[in-house]
Every structure is written in structure tokens, then in C-alpha cells.
């Protein structure tokens, strides 16, 4: 089992790597090859589910409700979000390559993701999850 400090160091290292790599990419000779631009272009096209995922992660990590919608079934929101994302991926695969998602629909995906992460997959309503194998 990893300690909390080890996990914190791993998260800080990943964030630092992404920031430094993005800074490196913004100063090279190729235009529009930063992580931000690539993710934005993906989200406008067939990978529009990224906007929903970003909202879910934001609602999950930074917001939180104290009363769980699904009670003590901590695994149900995780399974449900995986099913929703898989559905969005299947829909995206069927779209034409020239498809561009309008901003208002991206905003709707982002807001619905934040609501899902906040109300259904909240981080703060369960103080500690006890796994059956522990």
C-alpha cells in the first residue's frame, strides 16, 4: 500500500511534468502543438466526451456533497460514469470526421459533468472507503 505522501509526490511530479512539457512545446518551432491545443481540438471533434470527463473530474475533486445520492454504494457512480463515457465514445466514433461540436453543447457537457461529479460521484460524503479485501 502506498502512503499518502508517496501519492502526493506522484501527483505533484505528474503535474510538474505536464506544465514543463507544455512550456517546452510552446517554445519550439512547431505551431499549435501544445497539450492545451491538442486537447481542445480533440474535444471539438470525435472526442467530445473529454469535455464531460473534465467536468466530472472537476466536480469530483473540487466540489462535494455530504449526502450521497446512491447511499453507501460507492462503486455505483464509478460504474455509471464509465458506462456514460463509453456511450459518448461510441457516439463519437459514428460521427463524420469533419464534425465540429458547437460551443454551447460543449458547455452543456461540461456543466452536466460537473453536476455528475458533484452530486453523484462526490469526494466528500464518504470519509473512508473500506474495501472488502482489506
Next on the checklist: With the requirement that a residue be over 12 Å from the mean Cα position of the chain (by Cα) and touching a residue at least 40 places away in the same chain (Cβ under 8 Å), what does the range 55-71 give you?
Outcome noted: 63, 64, 65, 66, 67, 68, 69, 70
Checklist entry - In the range 92-114, which residue that is in contact with a helix residue (DSSP H, G or I) (Cβ under 8 Å, 6 or more places away or on another chain) and without any contact (Cβ under 8 Å) to a residue 60 or more places away in the chain is farthest from residue 61 (Cα to Cα)? => result 100
Item to check | Contacts under 9 angstrom Cβ, first residue in the range 1-17 being at pLDDT below 90, partner surrounded by 10 or more Cβ atoms within 10 Å (Cβ to Cβ), 6 or more apart | outcome: 2/10
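Here's the yes/no breakdown for (1) farther than 21 Å from residue 121 by Cβ; (2) surrounded by 11 or more Cβ atoms within 10 Å (Cβ to Cβ):
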residue: 9; (1), (2): yes, yes
residue: 13; (1), (2): yes, no
residue: 16; (1), (2): yes, no
residue: 27; (1), (2): yes, no
residue: 48; (1), (2): no, yes
residue: 51; (1), (2): no, yes
residue: 58; (1), (2): no, yes
residue: 65; (1), (2): no, yes
residue: 99; (1), (2): yes, yes
Item to check | Enumeration of residues in the range 76-86 that are farther than 17 Å from residue 115 by Cβ and surrounded by 11 or more Cβ atoms within 10 Å (Cβ to Cβ) | outcome: 86
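The values are calculated or read from the model by the stated rules, or taken from the named source; none is laboratory data. These numbers come from a predicted model, not from an experiment. Don't worry about glycine lacking a Cβ; one is built from the backbone with ideal geometry, like all the others, and counts go over all protein chains shown.
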